[in-house]
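The values are calculated or read from the model by the stated rules, or taken from the named source; none is laboratory data. Keep in mind the model is a prediction, meaning the values are calculated, not measured. Positions of Cβ are backbone-derived with ideal geometry, glycine not excepted, and every protein chain shown enters the neighbour counts. To get the accessible areas, we keep the full protein, side chains included, count just its heavy atoms, and leave off ligands, DNA and RNA. Shrake-Rupley method; radii C 1.70, N 1.55, O 1.52, S 1.80 Å.
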Amino acid sequence: MTRKLSILLNIILIAVVAFGVNKFVIQGSTAPSDDGRTALLVAPSEKDYVLTEMRGFLETVQGITTAIGEDDIAEVRTLAAKAGKFSPANVPASLFAKMPLEFKTLGMETHTLFEELAKIAAESESAQAVSLALGDLMLNCTACHSSYRLDLEPLSN
Ligand code: HEC
């Protein structure tokens, strides 16, 4: 094989890999939507999975808010530690490929922030410190909601 041909093949290979990384890792499966947000195009079961996770988040935030009001910092720690536990292995593989990188990052960071909230609750008995950390954490909820929505992908047959 001539040197030029080998360089050309390498360039093509790099372009194909870069396209794949851009399509499947960075962009995910998305489309613009009428309300200005980016729509993730997912299957019904994947939508159910995400929304079930979301309702879990809301229940956690509800529990933590009540616990703060009752000055029950131990309960804050328990609830936050539970929401902090996350294994990417539990996410359906098909869904993983459809989520844009920024979405995945915001999602995983939210679990990490719950872990940090559990640490803050363990180290400080201050309801105010915990409340502030919860408010900060919820900026991740609002950031993601203002950028993304879920739409069903077109049927493939
Ligand atoms: C990585 C992105 C992301 C993060 C972070 C995130 N959400 Fe969501 N959430 C979504 C998307 C996307 C939807 C669907 C919105 C739509 O289609 O309009 C949603 C929907 C919801 C719903 C509606 C559930 C249903 O059954 O309809 C609730 C409640 C919710 N989120 C709560 C939260 C809370 C609380 C947090 C933070 C602790 C949070 N979310 C963090 C992306 C996110």
**Prompt:** So, in region 3-152, how many Lys pairs have Cα atoms under 27 Å apart, if the pair is 8 or more places apart or on different chains?
**Reply:** 14
**Asked** How much of the DSSP beta bridge set in the chain is antiparallel, as a percent to the nearest 5?
**Response** 40
**Fill in**
Listed by chain and number, the residues whose amide H is under 5 Å from that of Leu150, excluding neighbours fewer than 5 places away on the same chain and using placed H, are Leu40
**Request:** Any chance you could run the full-extension gain for Ile14 through Leu58? It's 0.36 nm times the residue separation minus the Cα-Cα distance, nm to one decimal.
**Result:** 11.6 nm
**Sparse-neighbourhood loop sites, GluC sites (Glu not before Pro) in region 4-70 - DSSP loop, at most 12 other Cβ within 10 angstrom** = Glu70
**Item:** Residue-normalised accessible area of region 67-106, expressed per residue, 1.4 Å probe, Å²
**Value:** 56
**Item:** Dipole-positive endmost among Ala74, Ala93, His145 within region 23-157 (Cβ charges, Cα centre)
**Value:** Ala93
**Message:** Could you tell me how far the Cα centroid of region 1-70 sits from the Cα centroid of region 116-133, in Å?
**Reply:** 31
**Item:** region 3-152, dipole about Cα centre (Lys/Arg Cβ +1, Asp/Glu Cβ -1), debye to the nearest 20
**Value:** 1160
**Message:** As an exercise, use a Förster radius of 30 Å and the Cβ-Cβ distance of Asp71 and Met108 to find the FRET efficiency, rounded to the nearest 0.05.
**Reply:** 0.45
**Message:** From the helices alone, meaning DSSP H stretches of at least four residues, give me the mean residue ellipticity at 222 nm for the chain, per-run term -39500 (n - 2.57), in deg cm²/dmol to the nearest 500.
**Reply:** -23000 deg cm²/dmol
**Asked** Within the accessible area of region 3-152, what % is carbon and sulfur when the probe is 1.4 Å and the other protein chains stay in place?
**Response** 63
**Calculated P(r) tail over 26 Å for the chain, as whole % of Cα pairs** = 42
